[in-house]
Structures are given as C-alpha cells and as structure tokens.
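Some notes on the structure that comes next.
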Amino acid sequence: MKKNKFLHVSALTAVAVALTACGPGEDDGTTTDAASTGTDKLIVWEDIQKSDGIADAVEQFEKEHDVEIEVIEKGYAGQIEDLRLDGPSGSGPDVITVPHDQIGTAVTEGLLKELTVSDEVKSTFTEETMLSQMVDGKVYGLPKAVETSVLFYNKELVDESNLPETLDEWHDFSTEVTKDGQYGFLAKWDSIYYAQSVIGGYGGYVFPQESDGSYDVTDIGLNNEGAVEGGEYIKTFFEEGLFPAGIIGEQGINVLDSLFTEQKAAAVISGPWSFGPYAEAGVDYGVAPLPKLSNGENMSSFLGVKSYNVSSYSKNTDLAEEFVEFLTNFENSKKRFEITQEIPPIIELMEDPLVTDNENAAAMSEQSLYATLTPNIPEMAEVWTPVDNALGLIATDRGDVSQAFDEAVETIQSQIEANHSR
C-alpha cells in the first residue's frame, strides 16, 4: 500500500516536544465565548461509560465560556445512525463521537461539518489517525482514541519468559498442547477483521491509500500473491485441528472468548474491549504485540480510530469545534486516558511513561505501528461479507484459497460498480 503505516512515534519526538508549549486547545487569544455565538448550551454524545473521562474538561470549558454542556452517553458505533433522525428534527447533538470507518459515509450524507484545523494542531496527532479524519483532503474530526488487535496470553498456561515470538512458533506450541479440549493459540480467522493480521503481513490489502488519505477502489489486493499466501497459512491451523470448529461463524468470537476465560486456550488475538472482561473472568493474562510472520514481517491488523466530530445540524458550530479541539488537547487526553484507559494518538502522550509503563497500552501502541487503517470510505461496506464468506470456505476446507479470494474480489468489484458509481 502506498500509505498504510503510522508515522513512527520516535521519528516525531522532536516535533512533538517542540509543540508542547503551544499544543491544541491552548489559549491563543481567539477563544469563543457562548455569548458571541448566541447560545448557552452544547449537547455532546459521548461513548457508553466514558463520560467520566471528560468530566473535568467539560467543567473547565463551561467556566471559561459561560456555557452549559450536556453530555449524553450512547454507543459510539450507533451515533451516526441516531444523528440521521435526530439531526433534522433539531434534537440532535452538537458534538458526537464515531468510529472513523463511518466518516466517509457520514460526510457523503452531509451529516458532519468540515473542521478548520491548523497544521500545528494536526501535527500533534499521529499521521495515520489524522488521515482517518479526512475525506477528499478535508478534516471532519479530531482523533480521541485508537484500537487494534493484540495478543493475549494466559500466564498460567504459557511460559512468559519463553513466549513464542513468531506465528510459526505459536503454531508449533499449539501442535504440542492441543488435545483433550485444550488449545494453544486461537484467532477468529474466518473474519477479515482478524485475518487481516496475516493477509496484510504477507502483502494483501483492501484498497491502496494515497498520501492525501483517499483510496483507489479500483485496486483491490485481496487476491494478490501475498493474500493467497496468507490464506494458505491460515488454512493450516484449521486443517491440522489446531482451531476448534466452534470458532467458525457468528458465535465464533464468543467461543474463543469462552475458551480463553475458561483456561482452555493459552493465547488468543483480541482487542482492548477484552481487557476488562478477561480480567473480570479471573484470567492472569499478559498482552503483547502480534507475533512476526515467517517472512520476517510483523503481523498487520486493522487500526480503528474513535473521534470527536461536529454535527452539520449544530447551531453552535464554532463553539462545538472549539470544544472538540479542547477535548483532544494533551492535558485533557492524558486525563481521559487515566480514567478510561483508551489510548489517545497524541505523539507526545504515546511516549509518556503513563502509556509506556502500562503493559496493555504499550502493546496496543506498538502494534499500532504495524496496523493499517480500516478504509473510511463507503465502498468498504462492500468488502466485509464477500471476504468473510471466502475465509469461511477456506476454514471449512470447502474451497481453494486462490479461487475463493478471486470470487470475493469479483463480488466486491461488481457491488462497488453497482452501488458506488461516481
């Protein structure tokens, strides 16, 4: 892919440090008070169980701008859907939080307002996460948190001091320990969301991303040589009985989680959403970046970015935009991380001991360097099902890898042509 990696944190340290004295949200003499906008209230849709993370910032902003802010918690994945109804009726929010892969569709529908963000503010975030907020070169939000897949291992079932470092080593480990309902390493590889970690590591890709954040939807790399090599490797885990049949299909992720929490699987691939549930289940687990592949490359993964965005229906857009910038500045992002444990993609903060000394956050941060943004364009909606169907055929040994991927790509191409002709 032409542009698919985080700009390395270390390479930007000097830039980040230089910006410390004038980070986003700091007073530059142009703050907007509520009176000047003709409003005294902002409505903010925050993620479920995450409003505590912005409580202090909300209070401070209210005092500085003499404005009331009402924070309403809603599942972040469904906020755009709610905005479609509540926005036109006048009952919608001024600020929402959404997953970045919904931004392209939301912009196409006119739901999000373009933001005016200075280069100084943009440079405080990792390059990849700023690209996640851009459509056709325009910015529609600021990143609040990143998430990607990592390796969870049970410290009681695998020697932490001799942890396998490559996928081949995990394969060999699984071969040794898989018997009588016990498993070594498990992954939900009949789903492209998780299988991307192997396919992408061998050179497969969805759409190539240009330097301005746009995608070439005419170039689909899910049936190229690397993708097929990745698919063949995935197939071996199913063929050799290293993965149970139960982790295939809609309930597969629940089966995987159950095997790990019941101490029947030594290691699994999952995301930050499992930090709490695995701990609550009493698993003494460790977290690490995904292992390397046989070609020496790090396993890839999809990178998700949560963001704060301004509704196009807001009547307080200037104040709402200022609030978004305030919420995502260094200090407020640091406070939010301390409370929510969601990792903000602010370069300076990702090198802060607060993050680097936190095992979960450090693993997530390192894996993010090898991750690829989930495309944020409407055409991505045509990708999931055909590729998942192909992977299902591969997992159940009902189809040749190359043929299954070829058919998936043909389906994606035809659906894009039918539904997204520009």
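The values are calculated or read from the model by the stated rules, or taken from the named source; none is laboratory data. Here the structure is a predicted model, which means the values were calculated and not measured. Note that we place each Cβ from the backbone using ideal geometry, even for glycine, and neighbour counts take in every protein chain shown. Side chains included, ligands, DNA and RNA excluded: accessible areas come from the protein's heavy atoms. Shrake-Rupley method; radii C 1.70, N 1.55, O 1.52, S 1.80 Å.
Annotations
- Between SER89 and GLU156, the C-beta separation translates, for a Förster distance of 51 Å, into a calculated FRET efficiency of about 0.45.
- Measuring r between the beta carbons of ALA55 and LEU354 and using R0 = 22 Å, the FRET efficiency lands at 0.75.
- Only helices enter this figure: runs of n ≥ 4 DSSP H residues, each worth -39500 (n - 2.57), summed and divided by the residues of the chain, yield -11000 deg cm²/dmol at 222 nm to the nearest 500.
- Relative intensity, log₁₀ I(q)/I(0), of segment 197-344 from a Debye sum that treats every alpha carbon as a point, q = 0.11, 0.18, 0.21 Å⁻¹: -0.69, -1.22, -1.32
- The mean sequence distance of close C-alpha pairs (under 8 Å, at least 6 residues apart), as a share of the length of segment 187-327, puts its relative contact order at 26 percent.
- Cα-based Rg / Dmax (Å) for the chain: 22.0, 70
- Note on segment 268-336: along the principal axes its Cα atoms extend 52, 35, 25 Å, ordered by decreasing extent.
- The lysines within cross-link reach of LYS50, meaning a Cα-to-Cα straight distance under 19 Å and a gap of 8 or more places when in the same chain, are LYS74, LYS144, LYS306, LYS334, LYS335.
- Solvent exposure ordering (accessible area, 1.4 Å, most first) of VAL305, VAL228: VAL228, VAL305
- Note on segment 298-389: along the principal axes its Cα atoms extend 44, 41, 18 Å, ordered by decreasing extent.
- FRET efficiency estimate (nearest 0.05) - Cβ-Cβ, GLU64 to ASP172, R0 56 angstrom: 0.45
- For segment 101-188, the list of GluC sites (Glu not before Pro) that fall in a loop by DSSP and count at most 12 other C-beta atoms within 10 angstrom reads GLU156, GLU165.
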